[in-house]
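Worksheet for the structure shown next.
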Amino acid sequence: MSINLELPEKLNSTVERARLAAEHIFRPISRKYDKAEHEYPVELDELGKIAKQARGGDKASDKASGEDTVNGANLRSVLNARELSWGDVGLMLSIPYQGLGNAAIAAVANEEQLERFADVWAAMAITEPGFGSDSAAVSTTAVLDGDDYVINGEKIFVTAGSRADHVVVWATLDKSVGRAAIKSFVVPMSTEGVSVARLEHKLGIKSSDTAVVRFENARVPADNLLGTPEINVKKGFGGVMQTFDNTRPVVAAMAVGLGRAALEELRRMLEEAGHEIDYDRPVAAQHAAVAEFIRLESDWEASWMLTLRAAWMADNKQPNSTEASMSKAKAGRTVTDLTNKAVEIGATAGFSETQMLEKWARDSKILDIFEGTQQIQQLIIARRILGKSSADLR
Ligand SMILES: Cc1cc2nc3c(=O)[nH]c(=O)nc-3n(C[C@H](O)[C@H](O)[C@H](O)COP(=O)(O)OP(=O)(O)OC[C@H]3O[C@@H](n4cnc5c(N)ncnc54)[C@H](O)[C@@H]3O)c2cc1C
């Protein structure tokens with residue numbers, strides 16, 4: 001199978017728009033909101049409006065060019081995430097109307113729901129006090145009562161949980177049936193019984209709010225359930241897990257964007273110190289720091305290739321769970337390695353708050369944790385390659 005890596009022309013404007021926002025809006029306020037944890041970056045309001053309009057504009061231009069509006073959506077998302085995360089990962093996660101829940105809606109909603117939820121800003125709530133990696137352990141419940149589902153439970157570490165106007169919640173219809181009964185629900189944050197209990201203090205991405213969200217007899221219309229209410233034990237977890245096929249490449253792209261920022265800074269420092277990066281000479285014949293740079297850059301390139309492949313496959317309706325995990329595993333590990341090496345090589349400049357390297361090293365770690373940790377991605381890849389079930393290999 002060959003893949004054309006040339007980007008479709010229609011995506012140039014997405015890249016350019018995101019690049020400009022990263023450079024002119026994010027970078028100038030990046031340190032400010034690293035210091036002002038929990039303060040909403042008001043500068044993002046305008047960007048949210050533009051993002052909303054752009055979403056409509058992108059759809060219209062796809063339609064005008066006779067293309068399927070869904071085709072290209074994943075590629076567009078990864079390019080957008082890569083460019084914006086070059087500016088600031090936490091701010092990227094705070095842009096109104098671009099929540100992780102929006103990606104979940106795009107992945108599993110039916111046509112009518114896509115239309116109805118087109119303009120929402122949705123956070124994603126899977127994690128609970130009782131579990132993180134083991135998403136089959138969902139204990140939040142959704143009980144059908146007349147035309148509504150009544151939701152009860154507590155979700156933790158919800159990105160944009162205090163700012164988004166909606167949240168996509170994973171809840172079980174029947175705990176005794178296991179993972180097949182886990183469904184996702186779009187819940188307006190204004191619903192009676194939904195409350196934000198607290199915000200977390202974190203190592204990095206401090207400009208992004210991370211909330212505990214409680215659901216106490218929260219009622220939503222039955223047709224806010226994404227996908228089918230049918231509990232298909234044979235299909236198991238398939239429905240809700242499909243979300244990750246779309247969101248993992250986006251997180252990988254965020255890692256690639258942040259990685260590029262650190263590589264650019266490292267290159268500048270090496271060149272300023274008089275070390276030329278020469279791709280035509282054997283690595284062993286160059287300065288040790290240059291050799292390290294070339295190794296990091298090749299890992300970073302590989303991360304981007306894997307990310308492109310996973311997004312391209314999703315756009316072309318090919319099953320991509322393995323590739324989505326591969327992109328996330330490689331990019332998450334690479335960006336953590338890369339940003340920490342940049343601090344190491346930069347030494348005083350790397351560790352000082354006068355530069356951004358120390359912040360990027362702190363911000364990078366989350367990209368190897370949320371949407372499935374490094375170890376969980378490796379587990380998924382191993383299962384797929386070896387043909388093992390989750391019961392065989394855990
Ligand atoms: C800043 C931030 C934002 C977040 N945003 C969201 C969000 O928007 N929505 C949401 O639902 N969640 C969110 N999360 C939660 C995140 O997805 C979880 O932290 C993650 O899934 C890991 O779960 P855990 O923290 O409970 O770790 P655990 O699952 O307890 O894992 C602890 C360690 O054990 C390892 N481990 C676990 N199981 C295995 C295994 N079988 N084999 C080998 N190693 C294993 C893990 O890799 C990890 O290193 C966020 C977390 C953070 C920190």
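The values are calculated or read from the model by the stated rules, or taken from the named source; none is laboratory data. The model shown is predicted, which means the values in this text are computed figures rather than measured ones. Every residue, glycine as well, gets a Cβ built from its backbone with ideal geometry; the counts of neighbours run over all protein chains shown. Please note that ligands, DNA and RNA were not included when accessible areas were found on the heavy atoms of the full protein model with its side chains. Shrake-Rupley method; radii C 1.70, N 1.55, O 1.52, S 1.80 Å.
Below are the figures for this structure:
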| item | result |
| --- | --- |
| Set 341, 328: member being within 16 Å of the ligand (Cβ to nearest atom) and in a helix (DSSP H, G or I) | 328 |
| Filtered residues of the stretch 285-309 (kept if open to solvent by 60 Å² or more (accessible area, probe 1.4 Å) and touching a helix residue (DSSP H, G or I) at 6+ places or on another chain (Cβ under 7 Å)) | 309 |
| The stretch 195-233, subset without any contact (Cβ under 8 Å) to a residue 40 or more places away in the chain and more than 16 Å from the ligand (Cβ to nearest atom), residue least open to solvent (accessible area, probe 1.4 Å) | 195 |
| Pairs with Cβ under 7 Å, 6+ apart, first in the stretch 124-146 and over 26 Å from residue 94 (Cα atoms), second at pLDDT 95 or above and part of a helix (DSSP H, G or I) | 144/222 |
| Residue selected from the stretch 140-168 under the condition hydroxyl-bearing (Ser, Thr, Tyr) and within 15 Å of residue 185 (Cβ to Cβ), by the criterion nearest to the ligand (Cβ to nearest atom) | 140 |
| Selection status of residue 253, modelled with pLDDT under 95 and in a helix (DSSP H, G or I) | no |
| Near pairs, Cβ below 9 angstrom, 6+ apart or cross-chain, from the stretch 299-314 (more than 14 Å from residue 72 (Cα to Cα)) to any residue that is open to solvent by 40 Å² or more (accessible area, probe 1.4 Å) and at pLDDT below 95 | 305/5 |
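Residue-wise test of (1) assigned by TED's automatic domain parsing to the domain that holds residue 209; (2) at positive phi; (3) open to solvent by 50 Å² or more (accessible area, probe 1.4 Å); (4) hydroxyl-bearing (Ser, Thr, Tyr).
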| position | (1), (2), (3), (4) |
| --- | --- |
| 107 | no, no, no, no |
| 127 | yes, no, no, yes |
| 131 | yes, no, no, no |
| 139 | yes, no, yes, yes |
| 142 | yes, no, no, no |
| 145 | yes, no, yes, no |
| 152 | yes, no, yes, no |
| 158 | yes, no, no, no |
| 169 | yes, no, no, no |
